[in-house]
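Have a look at the structure below before the remarks.
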Amino acid sequence: MASEIINAASAGTWELGDLKVNRIGFGAMRLTASADGTPSDRERATGVLRRALELGVNHIDTAAFYFSPLRSANELINRALSPYREGLVITTKVGPGRDPSGEWVWATPERLRGQVEENLRQLGRDHLDVVNLRLPRSAQDASIAAHFGALSELRDAGLIRHLGISHVRAHHLAEATAIAPVVCVQNAYGIGAPAEERAILRSCGEQGIAYVPFFAIAGAGREAGANGPESAETLAVARAHGVSPARVRLAWTLQQGPHVLAIPGTGDPDHLADNVAAGALRLTADEMALLDGVDPVRDGA
């Protein structure tokens with residue numbers, strides 16, 4: 001509706017440690033390239049970032065490894081938003097990186113400091129608000145103690161304010177919290193999420209830890225974005241409210257608990273406004289139950 005007031009504060013707030021954020025944030029991954037893989041338009045990307053703040057977004061998720069030919073998400077953020085306004089929280093991730101040939105590599109504990117310093121340089125900061133240790137798929141059964149311990153030392157040194165973990169399983173959360181406070185868990189989550197992931201979400205809520213889903217809109221499309229027909233259930237709820245399926249997906253995600261944050265990413269200002277508006281959409285108990293029953297195999301397929 002033309003009179004609709006769109007503001008990220010509509011979803012309420014949560015605290016990442018001592019940093020209060022609106023529960024609707026912004027993910028920077030999609031800023032660097034267009035859907036066809038070509039570099040994004042720099043002015044459009046920086047405009048989307050500035051517009052996000054105008055809409056009340058005060059939590060931006062990024063990483064030094066979010067880049068494409070000619071574009072870096074961190075440097076776009078620096079160009080668009082520096083000097084940073086008070087209260088803006090920027091969360092980043094370490095672990096993955098690229099070697100000179102462009103191949104993915106995963107940092108040893110000793111190399112995490114270099115990744116932290118690269119994020120500091122690109123963002124133009126003297127400390128990082130929140131750093132998530134991102135795990136590779138190959139480490140899902142491995143210990144994270146050495147890596148998380150290295151980040152804890154960087155936190156003690158003042159380079160990092162708060163710590164989180166990303167792409168993890170339940171045993172990783174227990175291992176990390178025994179080393180240092182964890183303020184957030186970032187995992188793939190959306191309509192059709194498996195039971196194991198729902199259990200992690202609940203565990204975070206019980207411990208007062210933010211749960212920050214990624215791919216909440218993309219579903220099975222993951223990095224490629226939503227790439228298939230929506231489930232009949234999602235479409236039915238969207239029609240009932242006169243909104244997009246993406247808005248329904250985000251609203252469903254936010255209603256999983258007050259500790260759940262959203263970080264949808266886009267390089268399109270219209271999509272940005274639609275995403276932020278999800279914070280004001282309230283689904284009924286019947287609608288939530290309908291969406292809870294969506295089969296993960298066919299969701300987004």
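Taken together, the values in this text are just the output of simple stated rules run on the coordinates, not laboratory data. Keep in mind that what you see is a predicted model, and the values were worked out from it rather than measured. Here the Cβ positions follow ideal geometry from the backbone for every residue, glycine too, while neighbour counts run over all protein chains shown.
Quick notes on this structure:
- The calculated FRET efficiency for residue 178 paired with residue 118, based on their beta-carbon distance and R0 = 22 Å, is about 0.20.
- Computed lengthening from residue 43 to residue 104, 0.36 nm per intervening residue step minus Cα-Cα distance: 19.1 nm
- Over the chain: helical MRE at 222 nm, DSSP H runs n ≥ 4 each giving -39500 (n - 2.57), nearest 500: -10500 deg cm²/dmol
- Percentage relative contact order, segment 37-141, counting C-alpha pairs under 8 Å, at least six apart: 28
- Inter-label distance for residue 236 and residue 270, nm, one decimal - labels placed 7 Å from Cα along Cα-to-Cβ: 2.9
- Point-charge dipole on Cβ atoms (K/R +1, D/E -1) for segment 7-160, about Cα centre, debye to 20: 380
- The charge dipole of segment 150-200, taken about its Cα centre with unit charges on the Cβ atoms of Lys, Arg (+1), Asp and Glu (-1) only, comes to about 120 debye.
- Difference of contour (0.36 nm per residue) and Cα-Cα distance, residue 137 to residue 79: 17.6 nm
- Percent of beta bridges antiparallel (DSSP, the chain, rounded to nearest 5): 30
- Residue list for segment 31-51, given a label point 7 angstrom along the Cα-to-Cβ vector of residue 7 and an amide N cut-off under 19 Å: 50-51
- For segment 20-119: rounded, prolate or oblate by the Cα gyration tensor [a/c cutoff 1.5]: oblate
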